[in-house]
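Step one of this worksheet: look at the structure below.
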Amino acid sequence: TILILDFGSQTVQYSHLITRRCREHNVYAELMPCTTKLQDVNFKPKGIILSGSPYSVYDEGSPHVDPAVFDLGVPILGICYGLQEIAWNLAGEVSKCDHREYGPADIIINKFGNGAVDALFEGFGEEMRVWMSHGDQLSKPPPDFHVIGHTRTAPYAALAHNSKPLYGIQFHPEVTHSPNGKAVIGRFILNICSCRQNWTMEEFIGKEIARIREICGPKGRVIGAVSGGVDSTVAAKLMHEAIGDRFHAIMVDNGVLRLNEAQQVDVMLNKDLGVNLTVVDASELFLSRLAGIEDPEQKRRAAEEEEKGAEAKGRVEWLLQGTLYPDVIESISFKGPSATIKTHHNVGGLLKDMKLKLIEPLRELFKDEVRALGRLLSIPAQLVGRHPFPGPGLAIRILGPVTRDQVKILQLADNIYIEEIRKAGLYDQIAQAFAVLLPVKAVGVMGDQRTYEQVIALRAVQSEDFMTADWFSFPADVLRRISSRITNEVAGINRVTYDISSKPPATVEWL
Ligand code: XMP
């Protein structure tokens, strides 16, 4: 396992990418806040990576690592701020650049006297393109370090210790703009840390099923809410594989699901996947709790509390949660910069008096890993490829008051939108598509009558991991068909707009 310590690199985006890159080499990596004390790390890391950060090392209140990491004897790679952190700890010097360096740069790889290069940069030739994003840089290396790479403006762009496996690089190998970046991370974790490449989904299934059986014991019963999404379906199927009918799935129809969702999930789980499922219609309860709430965080809480209440009514010990690793990461907060962007439904915020113990079999996985797992568990391709759908459902896509009528309007519009995307063969090119009901009315004309009705915004994004996202470029005729169907078939809508914002600065959802 590689331990990645996060210094709050741009709302943890970069640290998140470092974690992914390690796993793409089939090496398990875990991200923790930089303030983690070594005694609280419950595994023995084979290597440590220190992430970037928006701070300057000398700033008051800037984050620093437990100095004990430097005495562990395991290899350490500092990236950007991580390099400066090594210098700060080991008596080097850091100073401000004249101006922030952001963008591509060429690293010239230093050669030793015998013509060889450092193991970190082996096989990349003499020079390589990398991505820089920093305001500070090293002005003096710490004693006993030597330079292994430099650029025209940064004489100490990459350093290594003379005798210990300590490395620091100024550039960001985790971003795809550094073409050899993933390979640099590979050199570190494979050649320098000697990690074994045993992180695969086949291995994961076996281990996780054994772990579930062990923690549940021979009699333990588990319930879990399913939503029809990939995560909860994969989690449910995994539980079923592990403990059979001692797992019982519950689908709570909270009144803010997509059109006919509960019926479809009922058929899929009970008939196709053989998982015990009960559908509970709790739409009255939910919608009455949601009535009058406009604040997004409050909407999330209301949806969440009612759901947990409904779940806790069985005679069971365990509650299955489909929490994924990005939810866990986004909820890691140390001070400000990596503080949670939004309260995610799956992490934290559970009812305090809930007696059920949590079981989270997907907690270590990224979304693409969950999909791979789903395929191995023989879950139908159309489901495995389904776009994510947020726990609080359509409640966070109705920007004004949530009522049954508003839900119906959004369900119909969303259904037309997704249907047309599928018909056009575009569904799999899009990471997430959905409709949003805006809290404004606009003027229109129908026949010779003026209308004054609501507006639907369509959102479709492409994204690797939802930490960043770009809006999808639809062919105009597809948008035209969608718009015309929605305004014709959905009473109460006279205008359709398409959201052309990327994340950042926008988020995927509107709330
Ligand atoms: P944002 O809007 O944060 O969305 O850019 C990123 C991904 O997270 C989903 N999302 C949520 N999922 N509960 C969830 O279960 C939530 O409260 C929530 N908010 C956003 C969103 O649909 C997208 O896939």
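Details
- Column: log10 I(q)/I(0), Debye, Cα scatterers of the chain, q = 0.07, 0.11, 0.12 Å⁻¹: -0.45, -1.01, -1.13
- Portion, in percent, of the accessible area of the chain that falls on carbon or sulfur, probe 1.4 Å: 50
- Near Arg246, once Lys and Arg are set to +1 and Asp and Glu to -1 for all other residues with Cβ below 11 Å from its Cβ, the sum equals +1.
- Percent of beta bridges antiparallel (DSSP, segment 1-133, rounded to nearest 5): 35
- Normalised contact order of the chain, rounded percent, pairs of Cα under 8 Å and 6 or more residues apart: 11
- Contact order relative to length of segment 241-306, as percent, for alpha carbon pairs under 8 angstrom and 6 or more apart: 36
- Selection of trypsin sites (Lys or Arg not before Pro), segment 80-120, meeting DSSP coil and at most 13 other Cβ within 10 Å: Lys111
- Neighbour cut-off at most 15 other Cβ (10 Å), DSSP loop, chymotrypsin sites (Phe, Trp or Tyr not before Pro), segment 97-149: Phe112
- FRET efficiency for the Lys44 to Ser139 pair, using the beta carbon distance and R₀ = 30 Å, is estimated at 0.30.
- Taking amide H as placed 1.01 Å from N in the peptide plane, the amide H of Thr451 sits under 5 Å from that of Gly444, Val445, Met446, each at least 5 places away or on another chain.
- Sequence-distant contacts, meaning Cα pairs under 8 Å at least 6 residues apart, place the relative contact order of segment 104-178 at 31 percent.
- Here is the list for segment 22-76: chymotrypsin sites (Phe, Trp or Tyr not before Pro) lying in DSSP coil, each with at most 13 other C-beta atoms within 10 angstrom of its C-beta, are Phe43, Tyr58.
- Isotropic mean projected area of the C-alpha convex hull, segment 153-245 (nm²): 10.4
- Gyration tensor (alpha-carbon) shape descriptor, segment 217-256, a/c threshold 1.5: oblate
- Zero-based 10 Å bins, Cα pair distances in segment 430-494, whole percents: 19, 42, 28, 10, 2
- For the peptides 87-93, 476-482, 394-400, residues were scored by their other Cβ atoms within 10 Å and the scores averaged per peptide; the highest-first order is 394-400, 87-93, 476-482.
- Amide H partners (placed H, <5 Å) of Val279, local residues excluded: Met251
- Accessible area of the chain divided out per residue, in Å², using a probe of 1.4 angstrom: 43
- Neighbourhood net charge (10 Å Cβ-Cβ; Lys/Arg +1, Asp/Glu -1) for Glu369: +2
- By average C-beta atoms within 10 angstrom, highest first, the peptides 489-499, 32-42: 489-499, 32-42
- Note, ³J(HN,Hα) from phi for segment 57-63, Karplus 6.51, -1.76, 1.60, rounded to Hz, x at Gly and Pro: 4, 8, 4, 5, x, 6, x
- Antiparallel %, DSSP beta bridges [both residues in the chain], to 5: 50
- Distant-in-sequence amide contacts of Gly47, defined by a placed amide H-H separation under 5 Å and a gap of 5 or more residues or a different chain, comprise Leu3.
- For segment 174-188, putting each phi into the Karplus relation 6.51 cos²θ - 1.76 cosθ + 1.60 with θ = phi - 60° gives couplings of 7, 8, 5, 5, 9, x, 8, x, 4, 5, 4, 4, x, 4, 5 Hz, in residue order, rounded to whole numbers and with x for Gly and Pro.
- At 0.692 mPa s and 37 °C, Stokes D of segment 251-300 from Kirkwood alpha-carbon radius, µm² per second: 270
- Anisotropy class of segment 368-497 from Cα gyration tensor, a/c 1.5 cut: prolate
- Dipole of the chain computed with +1 at Lys/Arg Cβ and -1 at Asp/Glu Cβ about the Cα centre; of Thr323, Phe43, Ser133, farthest Cα towards the positive end is Thr323.
- Estimated 222 nm signal from helices in the chain, with DSSP H stretches of n ≥ 4 weighted -39500 (n - 2.57), rounded to 500: -8500 deg cm²/dmol
- In terms of the mean number of neighbouring beta-carbon atoms within 10 Å, the peptides 232-242, 134-144 order highest first as 232-242, 134-144.
- Derived scalar couplings ³J(HN,Hα) [segment 26-36; Karplus, 6.51 cos²θ - 1.76 cosθ + 1.60; whole Hz; x for Gly, Pro]: 6, 10, 6, 9, 10, 9, 9, x, 5, 7, 4
The values are calculated or read from the model by the stated rules, or taken from the named source; none is laboratory data. This is a predicted model, so every value here is computed, not measured. Glycine also receives a Cβ, built like all others from the backbone with ideal geometry; neighbour counts cover every protein chain displayed. Surface accessibility is based on the protein's heavy atoms, side chains included, excluding ligands, DNA and RNA. Shrake-Rupley method; radii C 1.70, N 1.55, O 1.52, S 1.80 Å.
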